[in-house]
Structures are given as C-alpha cells and as structure tokens.
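In what follows, a single structure is set out as structure tokens and then discussed.
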Amino acid sequence: MNTRTLGDSGINISGMGLACWAIGDPFYHLDGDMIGYGYEKEEESIKAIQKALDLGIILFDTSDV
C-alpha cells in the first residue's frame, strides 16, 4: 500500500482509506429521526476492518460528511 504524509503533520497514512461511518448502530436526531445507515452486523464490520488492515490500509474515516 502506498503511503503519503498527512498535511504538515509528519504522520504517514495509507493512500486509501476505509469509510467507517456506517459501522455501528444507528443514532438519532433530537427530533427522533434516524441518522445514518441503520444496523450493521458486527461480524461483517469486523471482517471489513480486518481485511482493510490485511491490505495495508491504516486510514479509517469515521466522518459523517
């Protein structure tokens, strides 16, 4: 996996990342509307993270944007 430096931080990150916002249970807005993707199977989430690590991915994006 190719790496690159994150801005001026000196931190090396993988050239690809795994979008993780969908992992985990849904959460709700104050008005009760569900925000997010819903329920994900924990076993599948763990498999996806492990596969990413096996491929050399070390950037895990948890942003909702």
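Every read-out reported here was derived from the displayed coordinates using simple, explicitly stated rules and does not represent laboratory data. Predicted model only: the values in this text are computed from it and were never measured. For neighbour counting, all protein chains shown are included, and Cβ atoms are generated from backbone atoms with ideal geometry for every residue, glycine included.
Angle of helix 42-54 to the longest C-alpha principal axis of the chain, folded into 0 to 90 degrees and rounded to 10: 10°.
Go ahead and estimate [θ] at 222 nm for the chain from helices alone: -39,500 (n - 2.57) per DSSP H run with n ≥ 4, summed, over the residue count, rounded to 500. Write out the running numbers ahead of the final one.
Working: 1 runs with 13 residues, N = 65.
The per-residue figure over the chain is -6500 deg cm²/dmol.
Site pair Glu42 and Ile11 shows an inter-label distance of 2.7 nm when each label is modelled 7 Å from Cα along Cα→Cβ. When only alpha carbons of the chain are considered, Rg and Dmax amount to 14.6, 43 Å.
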